[in-house]
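Enquirer: Take a look at this one; I'll ask things after.
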Amino acid sequence: EESTARITPVLEAAMAEGGPPLHLLRRVLVRTLEYVELDEDFRAITELVTFQTEAVPELAEGMQRKIAANRQLMDFVAQTIQQGLDSGEVRAGVDPHSAAITLLAVLNGAIMLWLLDQDLVSLKRQASAIVDNCLDGLAAP
């Protein structure tokens, strides 16, 4: 696949720099995210593969509703995290917007994994653990 061929050298270079596991993982993940935005062809291929939906006028209204709902959920999550910061429940230094993106990305990723392979992931059985793993990282000591 062309998208894999495009990003492989970037990931190999990040891995070759070595370092402690979490630093290495962070570097690989950050460079992956950056690459999606920087390489327009890679982004176009990723969008096509991910959505595989033709942009037609009949779908535009539904897509706008989905975008609006997603933004509302993002706002709710970020505001709730801010409330946790204010009350001391969330550890100091957490950026509410970035944390909200992280939480929604994990949720969307788990859903996508489930849609692709229901034998790999059980949302019903693993939902609490998936969410707890994310929220534990936000919790104050």
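The values are calculated or read from the model by the stated rules, or taken from the named source; none is laboratory data. The shown structure was predicted, so the numbers you read here are calculated from the model rather than taken from an experiment. We work out accessible area using only protein heavy atoms, side chains counted, and drop any ligands, DNA or RNA first. Shrake-Rupley method; radii C 1.70, N 1.55, O 1.52, S 1.80 Å.
Enquirer: Suppose all protein chains stay in the model; what accessible area per residue would a 1.4 Å probe give for the range 71-137, in Å²?
Expert: On a per-residue basis, the range 71-137 sits at 72 Å².
Enquirer: Under the rule of at least 5 residues apart or a separate chain, name every residue whose amide H is placed under 5 Å from the amide H of Val90.
Expert: Leu85, Ala140
Enquirer: Using the Karplus equation 6.51 cos²θ - 1.76 cosθ + 1.60 (θ = phi - 60°), what ³J(HN,Hα) coupling, rounded to whole Hz, does each residue of the range 83-96 give in order, writing x for Gly and Pro?
Expert: 4, x, 5, 4, 8, x, 6, 9, 5, 4, x, 6, 8, x
Enquirer: Would you work out what percent of the accessible area of the range 70-141, with all protein chains in place, is carbon or sulfur (probe 1.4 Å)?
Expert: Summing carbon and sulfur atoms, their accessible area is 57 percent of the total for the range 70-141.
Enquirer: Over the range 76-141, what is the mean sequence separation of C-alpha contacts under 8 Å (at least six apart), divided by residue count, expressed as relative contact order in percent? List each step's numbers first, then the result.
Expert: Values: 41 pairs, mean separation 25.1, N = 66.
It comes to 38 percent, rounded to a whole number.
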